[in-house]
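Where a number appears in this text, it was derived from the coordinates with a stated rule and is not lab data. Keep in mind the model is a prediction, meaning the values are calculated, not measured. We place every Cβ from the backbone using ideal geometry, glycine too, and count neighbours over all the protein chains shown.
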Amino acid sequence: MRVFLQTAARLAAACLAILAVSGGVTSRAGAEELAKDLFGSKRLPAALPAKSYGFYSKGCFAGGVAIAADGPTWQAMRLSRNRRWGHPTLIALIERLSREAVADGWPGLLVGDISQPRGGPMLTGHASHQIGLDADIWFNPMPDARLSAAERETVSAVSMIRKNGLLVDEKVWTPAHARLLKRAARYPQVERILVHPGIKKKLCDTVTGDRGWLNKVRPFWGHDYHFHIRIGCQPGSTGCKSQASTGTGTGCDKSLAWWFTEEPWRPNKNPDAPKARDLMKLSSLPKACSGVLAAPAPQSEAAVTYRGKAPPAAVASAPRPPQDAASVGIQANAYLPSADVVIPLPEARPE
Ligand SMILES: [Zn+2]
C-alpha cells in the first residue's frame with residue numbers, strides 16, 4: 001500500500017511538473033494570465049479557416065496570413081514586432097492598394113503594424129488591430145532602395161503635422177498623399193480610414209470633385225505619421241462585431257470642429273491608470289479565442305505568407321482538433337463604444 005501511495009504521489013508530482021512547464025498551473029489555479037501575454041507570444045497563426053472574433057479592440061482571429069516583408073510595390077517595416085498578419089482579405093487589399101498607388105504615381109507603401117499572428121491585445125501600442133482587419137500605412141513614400149532589416153527597425157516615420165500645432169505641415173504634405181488616401185477610401189471593403197484631425201481638415205479644405213470618400217476618413221488621435229485602414233467584418237466571420245456606421249456626409253462638419261477645441265487635447269487626468277490591454281484576460285475575449293489560441297500552427301511562416309492568393313486551409317503541422325474555433329460557442333462580446341461621447345469614436349482613446 002505504501003509503495004502504491006508513493007507511486008501515486010510521484011505520479012501526481014510529475015503531472016504537476018508537466019502542467020507547470022506548459023503553463024497550465026498558473027492559468028488554472030493562480031491568477032489568470034493576461035491575454036496580451038498569451039497572444040503576444042504566438043509566433044504563427046491558427047491554422048483554421050479565416051475568421052475574426054469579437055471587436056477591433058477586443059478579439060482575436062484565426063487563419064491569418066502574413067504580408068511578405070518585400071513586394072514589388074511595398075516594404076514592411078519593424079519586422080521584429082511580428083505584426084505582419086491579417087485576414088487574407090486585408091492582406092490582399094494592402095497589396096492591391098500598393099499596386100494601384102504606384103499606378104497613381106506614389107512610390108510604394110511602407111507597411112506598418114497589422115496584427116499579431118492570432119490577433120488579440122498587444123504587449124505594446126494599439127488598442128485595436130486585434131481581429132486582423134486593421135492596418136497602418138506610413139505616410140513616408142517608399143524609398144527607391146530596399147531597406148535592410150536593421151533600417152526597418154530604425155528609420156523614422158515622418159509626421160504630417162506641424163510641431164506644436166494641429167495643422168498639416170506644408171513642407172511634407174503633398175497632393176499625392178491625398179490621392180493615396182482617396183484610393184484607399186474608395187475600396188468597398190474599407191469602412192474607415194483614421195487620420196490626424198489636421199489631415200482630415202486639409203482634405204476637407206482642398207478636395208474638389210468627388211468628396212464622397214471623405215465620409216470614410218475620420219479624425220483620431222495619433223495618425224500623423226501613418227494612416228490606419230479598417231475593413232469591415234468579412235463573410236463567414238459570424239462572431240465578428242461590426243463597428244458603428246460613419247453615416248452619411250463628408251464629416252467636414254462640427255464633428256471635425258470639435259477636434260480644434262481644447263477638449264480632445266486635455267491632459268490625461270489619470271496617466272497611470274492601467275490600459276485595457278493590461279487587464280484583459282483570455283476570459284474577457286470571445287470564447288472562440290481559446291480555440292484560436294489552442295489551434296495548431298501552420299508548418300512555417302512561408303506556408304502562410306500571402307502570394308496573391310490565400311494559402312490552402314490545410315496547412316497545419318498537426319492534425320486538426322475535433323472542433324475548430326468556428327464550432328466553439330461564440331458570444332457577442334461586451335464591448336460597447338462609450339456612450340458619453342457625442343463624436344463617433346471607433347475605439348478607446350490611446351495613451
Ligand atoms: Zn493603427
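Which links in K201/K275; K163/K201; K58/K201 stretch past 26 Å when you go from one Cα to the other?
Values: K201/K275 29 Å; K163/K201 16 Å; K58/K201 30 Å.
Cα-Cα > 26 Å for K201/K275; K58/K201; rest within.
Write out the trypsin sites (Lys or Arg not before Pro) in the range 225-311 meeting two conditions: DSSP loop, and at most 10 other Cβ atoms within 10 Å of their Cβ.
Details: sites: R230, K241, K254, K269, K275, R277, K281, K287, R307, K309; in loops: K241, K269, K275, K287, R307, K309.
Here the trypsin sites (Lys or Arg not before Pro) that fit, given the DSSP loop and packing criteria, are K269, K309.
Once phi is turned into ³J(HN,Hα) by the Karplus curve 6.51 cos²θ - 1.76 cosθ + 1.60 with θ = phi - 60°, what whole-Hz value does each residue of the range 244-251 show in order, with x for glycine and proline?
4, 5, 7, x, 10, x, 7, x
Between A276 and A302, with labels modelled 7 Å along Cα→Cβ, what's the label distance in nm to one decimal, could you check?
3.9 nm
Sticking with the crude label model, points 7 Å out along Cα→Cβ, report the distance from S242 to S290 in nm, one decimal please.
3.0 nm
List the aspartates and glutamates whose Cα lies under 13 Å from the Cα of K269, skipping any in the same chain that are fewer than 8 positions away.
Correct list for K269: E351.
In terms of modelled amide H atoms, which long-range or inter-chain residues lie less than 5 Å from the amide H of V217?
Close amide H contacts, sequence-distant or interchain: I193.
Given labels modelled 7 Å from the Cα in the Cβ direction, how far is it in nm from D210 to S41?
Simple spin-label model gives 4.9 nm for this pair.
Under the 0.36 nm per residue contour assumption, what length would be gained going from the current alpha-carbon distance of R146 and K269 to full extension? Don't jump to the answer; show the numbers that get you there.
Values: separation 123, 0.36 × 123 = 44.28 nm, distance 4.35 nm.
That pair, R146 and K269, stretches by 39.9 nm at full extension.
Under a 5 Å amide H to amide H cut-off, with H placed in plane at 1.01 Å, what residues pair with D113 once short-range neighbours are removed?
Residues meeting the amide H criterion: D136.
Indicate, rounded to the nearest 5 percent, the antiparallel portion of the DSSP beta bridges found entirely in the range 47-327.
Numbers: 22 of 30 bridges.
Rounded to the nearest five, the antiparallel share is 75 percent.
Quick one: which residues, 5 or more positions from D224 or on another chain, have an amide H under 5 Å from its amide H? H modelled 1.01 Å from N in the peptide plane, none for Pro or chain starts.
Counting only residues 5 or more places away or on other chains, the set is H196.
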